[in-house]
Protein chains: 2
Amino acid sequence: MKQKIAIDMDEVMADALGKLIRMYEEEYGKPVNMDRLRGNMLQDAIDPDHSHVIREYLFRKDFFRDLAVMPDSQAVIFELNRFYDVYIVTAAMEFPDSLGHKYAWLQEHFSFLNWQNFVFCGDKSIIRTDYMIDDLPRNLAVFSGESVIFTSPHNVEETRYRRVNNWQEVAAMFL
Amino acid sequence: MKQKIAIDMDEVMADALGKLIRMYEEEYGKPVNMDRLRGNMLQDAIDPDHSHVIREYLFRKDFFRDLAVMPDSQAVIFELNRFYDVYIVTAAMEFPDSLGHKYAWLQEHFSFLNWQNFVFCGDKSIIRTDYMIDDLPRNLAVFSGESVIFTSPHNVEETRYRRVNNWQEVAAMFL
């Protein structure tokens with residue numbers, strides 16, 4: 001029986017942060033200070049008067065449909081899918097308008113994956129897989145299997161989990 | 001820590017079969033023979049020349065939005081939600097157009113539940129809860145906790161799982 005890997009979407013397969021930064025810089029005409037992103041979510045790294053807009057961007061109807069694919073994620077997940085049961089597990093329920101868009105995004109960019117292996121949830125504590133690759137410590141903290149943290153600026157200070165910095169390091173760990 | 005219960009939507013919380021029967025009878029003008037539903041899915045209980053339409057009905061864009069609520073499910077789930085962590089786990093991924101409608105249906109009829117406890121998936125083998133209430137033996141067969149089968153005409157011959165015939169029996173078992 002193959003081992004099962006749960007893989008998060010945003011910040012792991014899909015570059016949500018990159019789009020948020022671009023939207024913010026376009027709207028306010030000032031660059032995000034990348035040093036301040038270290039250990040912080042974007043909303044905590046910008047002018048506090050503007051921090052509410054980040055959440056508004058996430059709730060825009062088509063926010064998740066055209067996110068850029070994280071480098072090497074397609075090739076590595078294609079290989080992982082040969083040797084493991086790969087589940088795409090995303091906490092999408094907070095953004096109900098995103099459900100159809102996330103599905104379409106997965107079909108467009110990861111067409112080799114089966115819909116049977118998509119999981120849109122809220123709380124990841126009920127996921128039973130052997131591994132979980134995620135950028136959010138709060139998801140990894142409630143997971144029962146082996147947690148793997150995927151580097152994102154906000155989590156660089158986190159030391160509780162085995163870390164992968166990019167998809168090449170995921171390949172080196174699992175393949 | 002509360003125990004966790006996964007509850008299926010179609011045939012358990014939502015009367016999908018009732019709507020399918022009504023649609024079929026309206027389109028073909030002949031009643032479904034209820035005796036033939038015993039141990040069979042609807043598509044296997046009707047004229048074989050028409051059996052393909054059942055799947056077509058399921059794929060219609062708004063099929064899942066206006067399903068009737070199963071008797072007593074609201075009151076019993078309201079009570080369960082006080083004493084357990086209740087997760088609504090539906091294999092919705094086969095019907096991507098249903099995702100938004102299922103979410104809206106849950107918000108309309110089960111507004112006391114939190115989106116954090118909704119799970120839209122394909123394969124239920126990756127669900128980690130203490131109990132699962134479901135009408136489909138194939139979902140219960142891959143579940144790792146205690147399986148409870150909710151009676152639906154197609155599953156009446158199934159003997160592998162503890163059975164509940166209605167929501168009053170769910171209340172008697174869990175409350």
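The values are calculated or read from the model by the stated rules, or taken from the named source; none is laboratory data. Predicted model, so just to flag it, every value in this text is computed and none were measured. Every residue, glycine as well, gets a Cβ built from its backbone with ideal geometry; the counts of neighbours run over all protein chains shown.
Overview of results
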read-out: Which listed residue is buried (at least 17 other Cβ atoms within 10 Å of the Cβ) and farther than 22 Å from B:Gln168 by Cα, from B:Phe59, B:Phe118; value: B:Phe118
read-out: Test: B:Ser98 is of a type outside the set (Val, Ile, Thr), surrounded by 18 or more Cβ atoms within 10 Å (Cβ to Cβ) and within 30 Å of A:Lys4 (Cα to Cα); value: yes
read-out: Some residue of region B:42-50 being touching a residue at least 24 places away in the same chain (Cβ under 8 Å), surrounded by fewer than 19 Cβ atoms within 10 Å (Cβ to Cβ) and under 21 Å from B:Ala92 (Cβ atoms); value: no
read-out: Some residue of region A:98-109 being in contact (Cβ under 8 Å) with a residue 24 or more places away in the chain, over 18 Å from B:Ser98 (Cα atoms) and out of contact with any Gly (no Cβ under 6 Å at 6 or more places or on another chain); value: yes
read-out: Sole residue being modelled with pLDDT of 95 or more, farther than 26 Å from B:Met41 by Cα and of a type outside the set (S, T, N, Q), chosen from B:Met173, B:Met132; value: B:Met173
read-out: Breaking point among (1) free of Cβ contacts under 8 Å to residues at least 24 places away in the same chain; (2) buried (at least 20 other Cβ atoms within 10 Å of the Cβ), for A:Ile5; value: (1)
read-out: Count of residues meeting criterion [within 14 Å of chain A (Cβ to nearest Cβ) and modelled with pLDDT of 95 or more] in region B:60-80; value: 2
read-out: Sole residue being hydroxyl-bearing (Ser, Thr, Tyr) and farther than 20 Å from A:Leu20 by Cα, chosen from A:Ser152, A:Ser98, A:Ser111; value: A:Ser111
read-out: Qualifying position, being within 23 Å of A:Ala104 (Cβ to Cβ) and touching a His at 6+ places or on another chain (Cβ under 9 Å), among A:Leu42, A:Leu58, A:Leu17, A:Leu37; value: A:Leu17
read-out: All strands (runs of 3 or more DSSP E) inside region B:106-175 with 3 or more residues being within 14 Å of chain A (Cβ to nearest Cβ) and of a type outside the set (Gly, Ala, Ser); value: B:118-120
read-out: Looking only at region A:143-161, and only at residues there that are more than 15 Å from A:Ile7 (Cβ to Cβ) and at pLDDT 95 or above, the one that is surrounded by the fewest Cβ atoms within 10 Å (Cβ to Cβ); value: A:Thr159
read-out: Filtered residue count, region A:81-97, keeping only those that are farther than 12 Å from A:Met13 by Cβ and more than 9 Å from chain B (Cβ to nearest Cβ); value: 5
